[in-house]
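Report on the following structure.
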Amino acid sequence: MSGDAHKEVHNKPFIIVGPIVHSEEITKLKVFDGGLIAAVNGKIVAVEETPKNLARIQKKYSVTDGCVYHLDKGQFLMPGLIDTHIHAPQYPNAGLGYDMQLLDWLKTYTFPLEKKYSDLSFAAKVYEAIVKRTLANGTTTAVYFATIHVDSTILLAKIVTHQGQRAFIGKVNMNYKTPEGYGETTKESYQKTEDFIKQIQNMKNNLILPIITPRFALSCDMELMKKLGELASRYNVHIQTHISENQGEVAAVRGLYRDCKNYADVYDKAKLLTDKTVLAHGVYLHDEELELLAARGSSVSHCPNSNTSLKSGLCDVRRLLNAGIKVGLGTDVSGGYSPSILDAIRNTLDVSIHISYGKGSNYAPLTYPEAFYLATLGGARAVALDDTIGNFKVGKDFDALIVNMKNLGPIDILGEYDTEALVQKFLYTGDDRNISKVYVAGRQVK
Ligand SMILES: Nc1nc2[nH]cnc2c(=O)[nH]1
Ligand SMILES: [Zn+2]
């Protein structure tokens, strides 16, 4: 597909014809070498494994000839990538500060940076850049932590709206042992969060959802967490936080909440574990915590780059999956240094292989089709949006990437490859230069 003639195509029905790849289940990639997808008003109305019904579908949905796009050789269509955990305000620190582990890192590098988001012009500069950068890397849905500041967090929502990304946006809550100049009282935290939810809902952008964001059990007391659990239930909104990321953190939580059985129980007592809750990390969860998360339908955002960069540990995703927990991938910028979910896919595979070295021959490290699933349909399930995004099914929104595996960017194509081989090569060796077009709900946003 060439040119930008269809840049505003989302207003008109269109059809893309060519190789298509997506997940319908975790273990297998589904590849159609010459399929087609038709979209009307940003929603998928037809998915075909061959182009033989093109003329009929074109007529049925009144698609003009100019809105039928044939992919070139070397290109394929795949679902948009889902980043289930990213801190937008921490982007200036990406690549910095990895001489410390979590709790010192937060105090030394992270809180002083986040404090600066009372300044709207600083916030605008960073937020424009991170949304643009994640879109360029194919993130069609991002689950953002912002800061405690309502005004700049609303600004993030406006920037996301303008650039056309789908996102969850969270105003961070922190009322316990907060650093000088970066904290809130319980009342402020609760009231500002309710006000924030109303402001987001009044924006009437159905691509943006508010998400309640207690930072973690060491930054919020039980009273605030309970109030936030009640707010989530009253407004029926998503929740995100961190859990069992680092051994020092887990020990501190144990010391602070003596009457709770474990870390997950702290959140459960506050009614923060719902089927719309995303918990980042989960490296050190015990078996009974896994059972609790599975019973509540809460999900884990696996952030392998961060777990390595902050030396937090190795998260055994196979174990989480075997326990029946929904898992998505996260970049966790700036705990992780990369804003790319392709990077998260590779780190997921690397970490899983490294874990397998310490296990018996029955332990199967994750495969690239599984990592692809975690970055797309798995992410959609983790954020409870799998009725809308994650793969190509009639009735879902058209969130998609056109990947271009010609000799482009870091790629040298030196042979003849079928579509599945091109997908594999993209996952292991491609980068944002190979993501030539990005669509969210049918709108071209890159
Ligand atoms: N990686 C990470 N973990 C956290 N735990 C509490 N806050 C944070 C944060 O900002 N980043
Ligand atoms: Zn995080």
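Nothing in this text is a laboratory measurement; each read-out follows from the coordinates by a stated rule. From a predicted model like this one, the values you see are computed outputs, not experimental measurements. Note that we place each Cβ from the backbone using ideal geometry, even for glycine, and neighbour counts take in every protein chain shown.
Got a sec? Charge dipole of the chain, +1 on Cβ for Lys and Arg, -1 for Asp and Glu; which of F122, F111, I15 is way out at the positive end?
Value computed over the given set: I15.
Which semi-axes, in whole Å and largest first, does the equivalent ellipsoid of the chain have when worked out from the alpha carbon gyration tensor as the square roots of 5 times its eigenvalues?
Over the Cα atoms of the chain, the ellipsoid semi-axes are 36, 25, 20 Å.
Taking the Cα centre of the chain as the origin and placing charges on Cβ (Lys, Arg +1; Asp, Glu -1), which of T429, V160, P304 is farthest toward the positive end of the dipole?
With unit charges placed on the Cβ atoms, the residue in question is V160.
When S352, S62 are ordered from fewest to most other Cβ atoms inside 10 Å of their Cβ, what list results?
Fewest-to-most ranking of S352, S62: S62, S352.
About the Cα centre of segment 81-383, how large is the charge dipole given +1 on each Lys and Arg Cβ and -1 on each Asp and Glu Cβ? Please answer in debye to the nearest 20.
540 debye
Amide H of I239 versus every other amide H placed in the peptide plane: which residues, excluding those fewer than 5 positions away on the same chain, fall under 5 Å?
Amide H to amide H, under 5 Å and 5 or more residues apart or across chains, I239 pairs with I212, T277, V278.
Suppose each label sits 7 Å from its Cα in the direction of the beta carbon; what would the E188-K43 distance come out to in nanometres?
In this crude label model, E188 to K43 measures out at 4.4 nm.
Which residue, I197, I345, I353, has the most motion in a Gaussian network model of the chain that connects Cα atoms within less than 10 Å?
Comparing I197, I345, I353 in a Gaussian network model of the chain, the most mobile one is I353.
I'd like the orientation of helix 287-296 relative to the chain: the angle between its Cα long axis and the longest Cα principal axis, in ° from 0 to 90, rounded to 10.
Value to nearest ten degrees: 60.
When only C-alpha pairs under 8 Å and at least 6 residues apart count, what is the relative contact order of segment 81-383, in percent?
It comes to 20 percent, rounded to a whole number.
Using Cα atoms only, what is the angle between the long axis of helix 419-429 and the major principal axis of the chain, expressed in degrees (0 to 90) to the nearest 10?
On a 0 to 90 degree scale, this one is about 40.
So what are the ³J(HN,Hα) numbers for segment 194-199, from phi and the Karplus equation (6.51, -1.76, 1.60; θ = phi - 60°), rounded to whole Hz, Gly and Pro as x?
So the Karplus estimates, Gly and Pro as x, are 5, 4, 4, 4, 5, 4 Hz.
Could you run the Karplus curve 6.51 cos²θ - 1.76 cosθ + 1.60 with θ = phi - 60° over segment 205-219 and give me ³J(HN,Hα) per residue in whole Hz, x for Gly and Pro?
10, 6, 8, 10, 10, x, 9, 6, 9, x, 4, 5, 5, 8, 10
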